[in-house]
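Quick notes on the structure that follows.
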Amino acid sequence: MKTLNTFWATFLIFFIVVTISVPQKAKACDVCGCGVGSYYLGILPNFNKRFIGLRYNQNRLITHLGPNGNRTPNSADETYRTMELWGAWNFGERWRMMAIVPYSFNERTIGNQGLETGSKNGLGDVVLMGHYKLFDNMSTTRNSKLLVQSLWIGGGVKAPTGAYDRSEQSSAEMGAPNTFQLGTATTDFLINAAYDIRLMDLGLNINATYKINTENKHDYRYANKLAVNGLVYYKFNIQDKIRLSPNAGILYETQPKDVLYNRFDVAQSGGNSAMGIVGLEANMGRISIGGNFQAPINQNLADGRIEAKSRIMTHVSFSF
């Protein structure tokens, strides 16, 4: 009971500090389809059997840019805040199940006056994933340094639990982006692989996810998406009670254009982006806290008609 009380007290302090300290414009988006969630995993919290926790994402992008990427009177700022209940459960030595349940708060303003013109709050699309550990090797090098490697592969399904606004699609049919959604109204599939290699306290984590999207009942199909990230980290032990893992790396995302009626490309969709990542993970027994900041390095979204800004993600979890 004391550990649980410590967990929730830590979470409240952490969440309040992050919410206050992060500028409201430090938000961004997936390469496309910002309103329908992100499946970035990164470095998972340390746990042996199972964990449950909360993640908070703040994202923003600018749409309806001019042909040269300049703002126009019709340019829109789309802001996405998502709280996710997430967790994982290991079965035996090689199997793992993971679930992500998002709740989103979307806002959109149009023009230079900064007046709010639309908002959507509600449950997003729930994700369930399963993983199998191909190997987990531990060995020593010639100079007696510990080398640890592991590889997980798996897949998952995204359920159509989030609301889908048909009027946004109508705008997309006229050339606008179809990003301001809570869900996609589709059952989609994910393929994932996570590789980790660590020499003593210095490690490299590589995570790749490919999302296969289907067509919804309104004849709209979000494009399939590939996301790959690599993070270099170092583990510091503080009096054998706290383990800190600062990390840095790159996230690359790419997808072709969305498709309408199985034949027409959606003009303001598709593209690729590279984001630089700086983060910190902290483990205190059963409690794990972490976060990262992602800044655009290079991007070409919707042929320059969409611009993604910086992103931030924080989380707190409890293993049991």
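Things worth noting here:
- Only residues that are more than 18 Å from Ile312 (Cβ to Cβ), among the polar types (S, T, N, Q) and outside any loop (DSSP other than H, G, I, E, B) were counted across region 59-110, and they come to 3.
- When each of Asn192, Asn237, Asn137, Asn143 is tested for being polar (S, T, N, Q) and under 19 Å from the mean Cα position of the chain (by Cα), the lone residue that passes is Asn192.
- Set Gln299, Gln268: member being modelled with pLDDT under 95 and surrounded by 21 or more Cβ atoms within 10 Å (Cβ to Cβ): Gln268
- Scanning region 238-263 for residues that are at negative phi, assigned to a loop (DSSP other than H, G, I, E, B) and free of Cβ contacts under 8 Å to residues at least 24 places away in the same chain gives a single hit, Arg263.
- Any strands (runs of 3 or more DSSP E) falling wholly within region 271-320 and containing at least 1 residues that are free of Cβ contacts under 8 Å to residues at least 12 places away in the same chain: none
- Where Ala99 falls short, out of the listed (1) touching a His at 6+ places or on another chain (Cβ under 9 Å); (2) modelled with pLDDT of 95 or more: (1)
- Taken together, the residues in region 189-234 that are farther than 28 Å from Thr141 by Cβ, aromatic (Phe, Trp, Tyr) and out of contact with any Gly (no Cβ under 8 Å at 6 or more places or on another chain) amount to 2.
The values are calculated or read from the model by the stated rules, or taken from the named source; none is laboratory data. Quantities reported herein were computed from a predicted structural model and do not represent experimental measurements. Using ideal geometry, Cβ is built from the backbone for each residue, glycine included, and neighbour counts are taken over all protein chains shown.
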